[in-house]
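The values are calculated or read from the model by the stated rules, or taken from the named source; none is laboratory data. Quantities reported herein were computed from a predicted structural model and do not represent experimental measurements. Here Cβ is always computed from backbone atoms with ideal geometry, including for glycine, and neighbour counts include all displayed protein chains. With ligands, DNA and RNA removed, areas are computed over all heavy atoms of the protein, side chains included. Shrake-Rupley method; radii C 1.70, N 1.55, O 1.52, S 1.80 Å.
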Amino acid sequence: MSGAAGQPDAGKLPARLLRLSLSLLPIPALLLLRPLAFTPRQCLILGILLVVIIWWVTGWVERTAASLVLLAVFFLFSTAPTATILTFPRSENFLIIVLSFLFSQGISNSGLTRQLFQPLLLYASRSLGKLMAVMALACFAMIFIIPQPFSRIIVLVLIFRDFWDKIGLKDPLRSTLFFLLFVYSAVLNMTMRRGDLILNHTMLTMGGVSISEGDWLRAMALPTLVFTALVTLLFLAVFRRELKDFHPPASDILAVSTEKLSRKDLRNLLVILLVVVLWALEDLHGISGTVIVTLGTAVLFPLGLLHLSDLRTINVKLLVFLTAAFSIGGVLKAVGVADVLFQQLATLFPETFSLRYVALVLGISMAMHMLLGSNVTTMSVVVPGLMAAGAGVTAEPVLLLLIYLGICGHFLFPFHHVLLLLGEGDGCYTSLQTFRLGLPLTLVTLLCGMFLYLGWWRLIGLF
């Protein structure tokens, strides 16, 4: 019995070894061909990078292990200083992301989000339009309440899953609306810099561009809200058959009263709101967001909203991956690979700003995103290249935000956006549903970048 049980794993081993061997081919190929007159060291670094990207995209090697391999190679064989390789752990973003995991867990532990949203959801369920509007509003409002995007969507799923059960919502309508919830969260996170503390801050750091919260809001909020409306119309067209099954719940369900907040709940709510408001108004009072979230997280421990056991909510594997991803641009520049590649890429770009330039930036960003999958992986490869190749033609914030839109504004499959991957992995919806919306969304994103966003940026004098 034990031998029979072990046969499937034994049978998989040769296939795994074959995939692993094939993934290593970029290294000898580059060393033998020496393209673009690369040195052996440059070929080795670039080859290992390509191998690790293959592992990240395919999952043939676990992501954390692949990231550690990349970091080890950079330390051992590149000429990059340690500070360059460890750019991310040495940055303020690292501390903010770590503390955001804890602060978000404290909010989740309080149970306040469910209590506050249930009455609104019961009211909204009287019509599909109201329900969709409240779903979008919830995703937007939760940006201010829970700063960490993963924790935020997890809490939203818990809230809406309870609500779907309460009103008896069944598939395929249930999974369709769950998918819309994740789409709203992914898209609306682009409205403000704090919308996604990982992707948005990663983009700014990798691009070497400083954009304040106020400037980000001015440039991205309005066009992204219009973009969200267009995505909604596209969603209604693609899933019209599933959405026809929506019917308001029975009147006895709508009449169910919700539990009132206790004094303890009100105290916790006041503390959380104080931290959130201070963080949101960082540009006005000048107190660093890092200081605010540090103090806010510390206060949650004596309040009983956080415990030492909650330290496990810090996603160490994600931090290792981000450390590796952040190091790529600096290392490629330090060993001279970046200069050679960027010079080749620069020949494609026109010397003056035009729709062709915008389409090229968006097209390259979207194509690389389709190929590489992960947002952060794509950023680590595309941002340094395009920021160098397209430099001098337009203002740096315009170029960076175009790249950002091309990477974060669309998808074809769940693995193209980490939030969508969480939902699909949790069984909220399927890859087919993602593809049905993602295919036409690709064209919508391209056109919105060329006309909607560009038109707004021209109007406000961003370039």
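Miscellaneous remarks
- Sequence-distant aspartates and glutamates (8 or more away, or on other chains) whose Cα lies within less than 19 Å of Lys260: Asp162
- Ser431, Ser110, ranked by accessible area, largest first (probe 1.4 Å): Ser431, Ser110
- Under the criterion of Cα pairs below 8 Å and six or more residues apart, the relative contact order for the chain equals 21 percent.
- Cα gyration tensor shape of region 130-242, rounded if a/c is under 1.5, else prolate or oblate by comparing a/b with b/c: prolate
- Figure legend: label point modelled 7 angstrom from the Cα of Ala346 along Cα→Cβ; residues of region 31-45 with amide N under 18 Å from it are 36-38.
- Rolling a 1.4 Å probe over the protein heavy atoms gives region 375-463 an accessible area of 33 Å² per residue.
- Solvent exposure of Thr232, expressed as accessible area, is near 30 Å², computed with a probe of 1.4 Å over the protein chains only.
- Overall, the anisotropy analysis places region 56-160 in the prolate class: the square-rooted eigenvalues a ≥ b ≥ c of its C-alpha gyration tensor yield a/c not less than 1.5, with a/b exceeding b/c.
- Inter-part distance where region 427-449 and region 220-250 are each reduced to a Cα centre, Å: 13 Å
- For region 312-463: rounded, prolate or oblate by the Cα gyration tensor [a/c cutoff 1.5]: oblate
- Computed from the C-beta positions of Trp60 and Asp426 and an R0 of 22 Å, the FRET efficiency is 0.40 to the nearest 0.05.
- For Leu459, the solvent-accessible surface with a 1.4 Å probe is about 130 Å², rounded to the nearest 10.
- In terms of accessible area, using a 1.4 Å probe and ignoring ligands and nucleic acids, His416, His285 rank largest first as His285, His416.
- Once the Cβ-Cβ distance of Phe75 and Lys12 is raised to the sixth power relative to R0 = 35 Å, the FRET efficiency obtained is 0.60.
- By accessible area with a 1.4 Å probe, ligands and nucleic acids excluded, highest first: order of Val291, Val51: Val291, Val51
- The region of the chain that goes longest without hitting one of the GluC sites (Glu not before Pro) in a DSSP loop, each with at most 13 other Cβ atoms within 10 Å, is 63-258.
- Loop-located trypsin sites (Lys or Arg not before Pro) in region 83-189 (DSSP state not H, G, I, E or B) with no more than 15 neighbouring Cβ atoms inside 10 Å: Arg90, Arg126, Lys170.
- Length gained on full extension, Val277 to His247, computed as 0.36 nm times the residue gap minus the Cα-Cα distance: 7.0 nm.
- Eligible lysines near Lys12 by straight Cα distance, threshold 26 Å, same-chain separation 8 or greater: Lys317
- Here the simple spin-label model places points 7 Å from the Cα toward Cβ, and for Leu33 and Ala395 these points are separated by 4.1 nm.
- For the residue pairs Lys166/Lys244; Lys166/Lys264; Lys130/Lys264; Lys130/Lys244, the C-alpha atoms sit more than 22 angstrom apart in Lys166/Lys264; Lys130/Lys264.
- Normalised convex hull volume, the chain, alpha-carbon set, Å³ per residue: 179 Å³
- C-alpha center-to-center spacing [region 190-215, region 19-84] in angstrom: 28 Å
- Heavy-atom accessible surface of region 265-351: percent carbon and sulfur, 1.4 Å: 70 percent
- Inter-site label distance for Leu22 and Arg356 at 7 Å from Cα along Cβ, in nm: 3.9 nm
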